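Okay, so here's the structure we're looking at.
Values quoted throughout were computed directly from the atomic coordinates according to the rules given, and no laboratory measurement underlies them. Predicted, not measured: the structure shown is a model, and the values here were computed from it. FYI the Cβ positions are ideal-geometry reconstructions off the backbone, even for glycines, and counts take in every protein chain you see.
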Amino acid sequence: MKRKQPPLPISALPEHGQSRAELLAELEKFAENDPDYRAGRTFSLTYHLGDEHEQFLSDAGRKFASANGLNPSAFQSLKSMETQLVAAGARLFHGPPDVTGIMTAGGTEGCMLAVKTYRDRARRLRRVKKPEMVVPRTAHVAWLKGAEYFGIRLRFIPETADLGPDLEKLPKLINRRTIMVLGSAPEYPRGMIDPIAAMAKIAADAHVPMHVDACVGGFILPFMEMNGEELPDWDFRARGVTSISADLHKYGYAGKGASLILYRNGDLFKDQIFVETDWPGGVFASAGMLGTRPGAAYASAWATLGHIGTDGYRKLAAETLNTTETLKAGITTIKGLTIIGKPQGPLFAYRSTDKRLDIFAVGDRMEARGWHIDRVQNPDGLHAMVTIRHTEVVDEYLADLKAAVDEVRADPKLAQSGSAATYGMLAHVPMRGMVKKRVREIFAGLYAPGGGTADLSATSARGIGGMMDRLATRIAARRARKERRR
Ligand SMILES: Cc1ncc(COP(=O)(O)O)c(C=O)c1O
């Protein structure tokens, strides 16, 4: 007799496989508590063009679901798609004919590869042993991760009063150990485009490579420009820009796992390639970080670019920018809120101008209304990565935001509860080492056997509270020691 299956969820491999239909139905249930990105409720993480497009991505991906980009000479199908995507990116970013690059699994892989490439180049050509890189404060965290992974010392460019990198300070930060300078178009925290041309000129004059992180902007800025928007030179047009990363899976609306990294020429690209000659498995070479690379990511990206086309991307850019401007204008009409810096493009963040209005508490009240919004710090704010999905929800978002602000004004104690308290403390506790330790503990907790919890307000507020207590005890002990010495 066939044994009855254990009920899902699967906490061990079931003895007998279950039916596809049953499992597909079960998968629907997993999604029940996810943020509703189809209805434009998320302001990061997803770029959803609609169900029909999602079906197209999966149909295109299915054709190459088992294909592997690991060996470019085996699946020549994938290599051809990659070559075409690289060529399309090179044209879009005004590159010379020599532009050389690959498709990566995402923005982070591209950022990390650039760090590795320029470290190895500096080591090879200039014998740099203690490498450094120069980045604006707003560089995406992937760059900080790359620096940590590859042992690079970070030198941050101080900010000017209008929140851009201070160009006067930049030349002094470059020295013989500098492997690269970074600029973003736009940067993630505030959506501002760094002064790429001026930074690239400084870098070129010092004979140092300059990378542009256009992970966000790569597939929207060119179309904004085609639509007549005046933007500063942010791509290969700027002399001194040696490489660019641009995500297909963001404003390119490709399936997840697709980005480009492009170098001005093949010589710069060479240091990205890993080669091992003595491995018993054979002589091995690889241009990216991954081993196996999913064929579906290539096929869905290739098909998406072909399907949307220049006119489609121009239309998407126009509508997205229109929505962004409507949101920004609406937010600034709410008393006590203002946009941070001068964003150009589909990203921005806003903050409170009123000490009694805690922006993180406003975030909590928005969350309670079903909006998934990222928090930023220095200054504290709420973030928006606007996509085509948000066009239909602008009025609802603004009405909810106004209501959330009113709620927090009526009850300022909301700032001391929920995740607002946690975010507030994480942003402001001066002992960053302690914060780091605590965040690591919280994060490890998420991966505890059984899945842990992702609820910041439940676990970490308590943990952070404990941390604050310990901090207070330490300060009191230090004071007592001082007193005794007197
Ligand atoms: C400017 C910038 N660079 C890099 C990344 C990393 O991209 P990914 O999440 O695809 O790894 C992001 C992600 O939002 C970004 O905004």
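Considering only alpha-carbon pairs that sit under 8 angstrom and 6 or more positions apart, the relative contact order computed for segment 108-237 is 23 percent.
Label sites at ASP36 and SER73, each approximated as a point 7 angstrom past Cα along Cα to Cβ, lie 5.4 nm apart.
The local environment of ARG20, defined by Cβ-Cβ distances under 15 Å, has a net charge of -2 under the rule Lys, Arg +1 and Asp, Glu -1. Name the shape class, rounded, prolate or oblate, that the alpha-carbon gyration tensor gives for segment 76-305, where a ≥ b ≥ c are the square roots of its eigenvalues, rounded holds for a/c under 1.5, and otherwise prolate holds if a/b is larger than b/c and oblate otherwise. Cα axes put segment 76-305 in the oblate bin.
Think of the chain as having a plus end and a minus end, set by charges on the Cβ of Lys, Arg, Asp and Glu; of ASN378, ALA303, MET366, ASN378 sits farthest toward the positive end of this dipole. Relative to its Kirkwood radius, the Cα radius of gyration of the chain gives an Rg/Rh of 0.99. In the chain, Cα pairs under 8 Å separated by at least six residues give a relative contact order of 17 percent. Once the chain from PHE284 to GLU148 is taken as fully extended at 0.36 nm per residue, the excess over their C-alpha distance is 46.3 nm.
Helices that extend 18 Å or more along their long axis by alpha-carbon positions and average at least -1.0 on the Kyte-Doolittle scale are, among the DSSP H runs of the chain, 76-92, 107-126, 295-332, 394-410, 432-446, 456-485.
The Stokes-Einstein estimate for segment 196-344, based on a Kirkwood radius over Cα pairs and taken at 37 °C with 0.692 mPa s viscosity, is a diffusion coefficient of 181 µm²/s. If R0 is taken as 25 Å, the Cβ-Cβ distance between LYS355 and THR160 corresponds to a FRET efficiency of 0.55. Counted by neighbouring Cβ atoms within 10 Å, the residues SER184, SER77, SER58 run from fewest to most as SER58, SER77, SER184. Here GLU15, GLU319 are placed in order of increasing Cβ neighbour count within 10 Å, fewest first, which gives GLU15, GLU319.
The length gained on full extension between LYS129 and ARG237, counted as 0.36 nm times the residue separation minus their Cα-Cα distance, comes to 35.7 nm.
Taken one residue at a time, the phi angles of segment 379-389 give Karplus couplings (6.51, -1.76, 1.60, θ = phi - 60°) of x, 4, x, 10, 10, 9, 10, 7, 10, 4, 5 Hz. Gly and Pro are set to x. Is the shape of segment 1-96 rounded, prolate or oblate, going by the alpha carbon gyration tensor and its root eigenvalues a ≥ b ≥ c, with a/c under 1.5 for rounded and a/b larger than b/c for prolate? Note, shape of segment 1-96 comes out oblate. Counting only Cβ charges, +1 for Lys and Arg and -1 for Asp and Glu, the dipole size of the chain around its Cα centre is about 3020 debye. Taking all C-alpha pairs of segment 329-408, those more than 15 Å from each other amount to 53 percent.
Take each of the peptides 110-117, 348-355, average the number of other beta-carbon atoms within 10 Å over its residues, and list them starting from the highest.
110-117, 348-355
Each part gets one Cα centre, and for segment 370-428 versus segment 26-83 those centres are 29 Å apart. Taking the DSSP bridge list for the chain and keeping only pairs wholly inside it, about 60 percent are antiparallel. Under the simplified labelling scheme, the LYS342-LYS402 pair shows an inter-label distance of 3.0 nm, with each label point 7 Å from Cα along Cα→Cβ. Just to confirm my numbers, what's the Cα centroid distance between segment 98-132 and segment 201-261 in Å? Result: 16 Å between the Cα centres.
Taking the fewest neighbouring Cβ atoms within 10 Å as the starting point, the ordered list for ILE196, ILE334 is ILE334, ILE196.
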